[in-house]
Amino acid sequence: MFAALLLVSTSALAQEQGTAYEALRVVGTRLNRDYVNHVISVTGVNGNPQPETWKILVDDQRARGGVREIEVANNKIISERTPTRTVVGSAEGATIKTSRLNLDSSGAFAVASHTAEKSNTQFSTASYTLRTDERGDPIWIVTLQGNSGRPVGTIHINCNRGNVVRTEGMFAGATMQDVETERGYRSKHDDNEQGEQGDDDDQKGPLSGVRQRIRGAFERTQDEARGMFERVRRSFTDFINRG
């Protein structure tokens, strides 16, 4: 019931401020349709749940410095400039592959807020960064802030598959690599020891002493996040072609 109410309230609130997809559509229709295929990053701060302004960096070799910075608010372009400073992530090949983009910022908020609830993390606003990861997949990095404005946790969400790949400030900073390695360790340990050293199991492996506290919670949250992703999944290719 909570998940259903969350999705309904998220959808209603998201209508107050434009999502990242909607900001990208503004760039494509008001400036250049090809810009949406050369996006380096999309950022927005202090969203409640969506930010008032989206800042979009576009790889544009015709621009001074090779990068164009565009700000969108209320379905309008409010600024456009060509910064000369080096932009992190602007190297060749770092642009977002929109064919792998299946999660709008509204969906990212739904997954992130559910993850926060499961880790007992309370927050008031959310800041967003959409960029590529080391494998070239688009990833949402959602930073949750408390009433003071200080970060209380960060969730990294794969935009292609919808899984939470990393958390900071939650679940002792566990990653999917930790969990996968831990599963392999447990399987190997069980095969080799046949339970003879079961009491020592919690003292070994990559998660060590924190394993008992976070292993089950993180894995359950992962499964639930995948289920939520299927409900909020939104193909950017379909979205932009409809517009």
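Close Cβ contacts (under 8 Å, 6 or more residues apart or on different chains) running from residues in segment 21-32 that are in contact (Cβ under 8 Å) with a residue 24 or more places away in the chain and among the aromatic types (F, W, Y) to residues that are in a helix (DSSP H, G or I) and crowded, with 16+ Cβ neighbours inside 10 Å comprise Y21/S105; Y21/F236; Y21/F239; Y21/I240. For segment 39-64, a residue qualifies if it is among the hydrophobic types (A, V, I, L, M, F, W, C) and under 19 Å from P138 (Cα atoms), and the qualifying residues are V39, I40, V42, V45, W54, I56, L57, V58. Looking only at segment 118-134, filter to residues that are within 21 Å of R161 (Cβ to Cβ) and without any contact (Cβ under 8 Å) to a residue 40 or more places away in the chain; which one of those is surrounded by the fewest Cβ atoms within 10 Å (Cβ to Cβ)? Checked segment 118-134; the qualifying residue surrounded by the fewest Cβ atoms within 10 Å (Cβ to Cβ) is E134.
Filtering segment 29-55 to residues that are more than 18 Å from F109 (Cβ to Cβ) and in contact with a strand residue (DSSP E or B) (Cβ under 9 Å, 6 or more places away or on another chain) leaves R30, L31, N32, Y35, V36, H38, V39, I40.
For every residue, the table says whether it meets (1) under 17 Å from T121 (Cβ atoms); (2) at pLDDT below 85.
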{"site": "G136", "(1), (2)": "no, no"}
{"site": "I141", "(1), (2)": "yes, no"}
{"site": "Q145", "(1), (2)": "yes, no"}
{"site": "S148", "(1), (2)": "yes, no"}
{"site": "V152", "(1), (2)": "yes, no"}
{"site": "I157", "(1), (2)": "yes, no"}
{"site": "N163", "(1), (2)": "no, no"}
{"site": "G173", "(1), (2)": "yes, yes"}
{"site": "E182", "(1), (2)": "no, yes"}
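Restrict the check to segment 25-44 and report whether at least one residue is outside any strand (DSSP E or B) and under 17 Å from the mean Cα position of the chain (by Cα). Looking through segment 25-44, none of the residues is outside any strand (DSSP E or B) and under 17 Å from the mean Cα position of the chain (by Cα). Scanning segment 26-73 for residues that are of a type in the set (K, R) and under 14 Å from L130 (Cα atoms) gives a single hit, K55. Restricting attention to segment 53-89, and to residues there that are of a type in the set (S, T, Y) and not in a strand (DSSP E or B), which single residue is modelled with the highest pLDDT? If we take residues in segment 53-89 being of a type in the set (S, T, Y) and not in a strand (DSSP E or B), then T82 is modelled with the highest pLDDT.
The values are calculated or read from the model by the stated rules, or taken from the named source; none is laboratory data. Just so it is clear, the structure is predicted and the values come from calculations on it, not from any experiment. A quick note on method: Cβ atoms are made from the backbone with ideal geometry, for glycine too, and the neighbour counts reach across all protein chains shown.
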